1. Residues in region 40-54: is at least one in contact with a Gly (Cβ under 6 Å, 6 or more places away or on another chain) and within 28 Å of Ala132 (Cα to Cα)?
2. When the residues of region 18-43 are narrowed to those that are assigned to a strand (DSSP E or B) and in contact with a helix residue (DSSP H, G or I) (Cβ under 8 Å, 6 or more places away or on another chain), which ends up modelled with the lowest pLDDT?
3. Just to confirm my filter: which strands (runs of 3 or more DSSP E) fall fully inside region 113-200 and include at least 1 residues that are in contact with an Asp or Glu (Cβ under 6 Å, 6 or more places away or on another chain) and buried (at least 17 other Cβ atoms within 10 Å of the Cβ)?
4. Before we move on, is Glu185 in contact with a Phe, Trp or Tyr (Cβ under 9 Å, 6 or more places away or on another chain) and either at pLDDT 95 or above or assigned by TED's automatic domain parsing to the domain that holds Ile94 (or both)?
5. Of (1) under 28 Å from Lys89 (Cβ atoms); (2) touching a Phe, Trp or Tyr at 6+ places or on another chain (Cβ under 6 Å), Lys145 satisfies all except one. Which?
6. Does at least one position in region 110-129 carry a residue that is closer than 30 Å to Thr194 by Cα and assigned by TED's automatic domain parsing to the domain that holds Ser38?
7. Do you know which residues across region 61-95 are within 20 Å of Val107 (Cβ to Cβ) and assigned to a strand (DSSP E or B)?
8. Output the number of residues of region 181-211 satisfying the condition of being among the aromatic types (Phe, Trp, Tyr) and within 22 Å of Lys155 (Cβ to Cβ).
Amino acid sequence: MIVFQKQYLSLLAVFLMVVAGYSQNKTLPIGFFSPHFSEGHTLYLYSEGSLAVKLPGQEKPIDSITLKKLGYNRVIDYAPKWFEPVYDKLDYGIFYIGVKKLGTDYVEIIANEATAKTVYMARHNGDFISWAEFLLTMHSVEFDKESQKVYDDPKIKSAGRIYDRNTFFRPLFVAGDWMEVAILENDFNPTGKTGWIRWRDGNRLLIRYNLLS
């Protein structure tokens, strides 16, 4: 158990650049958990075994996360050393943890993205964010590879249009594996054009997304 602000300088650099999210060989979470956070509030963590109790209220946490105020910002005051969620940028109000399973009372979260270690957190301690909701909060998205196409309508077969890989898009609507986007200039201003892109193919993410500008 340690008190730390764990590698957040390196994470800050990631947040201010493109966030690739998940590689194609990595299982995508079903969505994200956004914990409610306030100074002095404790988020308890549970193992699957610690939830196997006969009566509600007998669950015993295996560890916890606490937050504190540092200047005008909130930071993690304590967390287990293995806790490395996918996104935490508390000074921007961003705290997302990948979700493996969603339950009525508990949510199984991916507590360490490198090792895929999971633990459980009480569902009332936060909000579940679907991929659609998550992507619609992004500042912009872009293609992951060259030769990906923009279509007029995902339901109609067409050749599509190829844009430079460095083209940015702003999410407008999400429908299944497809996303309607506004096509942006290099300065992120809208071109006035829209189209549809495929953001996911099975368990493979086809885009990069930017939380911040």
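1. no
2. Checked region 18-43; the qualifying residue modelled with the lowest pLDDT is Pro35.
3. So the answer is 117-122, 190-198.
4. Against the criterion (in contact with a Phe, Trp or Tyr (Cβ under 9 Å, 6 or more places away or on another chain) and either at pLDDT 95 or above or assigned by TED's automatic domain parsing to the domain that holds Ile94 (or both)), Glu185 does not qualify.
5. (2)
6. There is at least one residue in region 110-129 that is closer than 30 Å to Thr194 by Cα and assigned by TED's automatic domain parsing to the domain that holds Ser38.
7. Asp63, Ser64, Ile65, Thr66, Leu67, Ile76, Ala79, Glu84, Tyr87, Asp88, Ile94, Phe95
8. Here the count works out to 2.
The values are calculated or read from the model by the stated rules, or taken from the named source; none is laboratory data. In this text the structure is predicted, and so the values were computed from the model without any measurement. Glycine also receives a Cβ, built like all others from the backbone with ideal geometry; neighbour counts cover every protein chain displayed.
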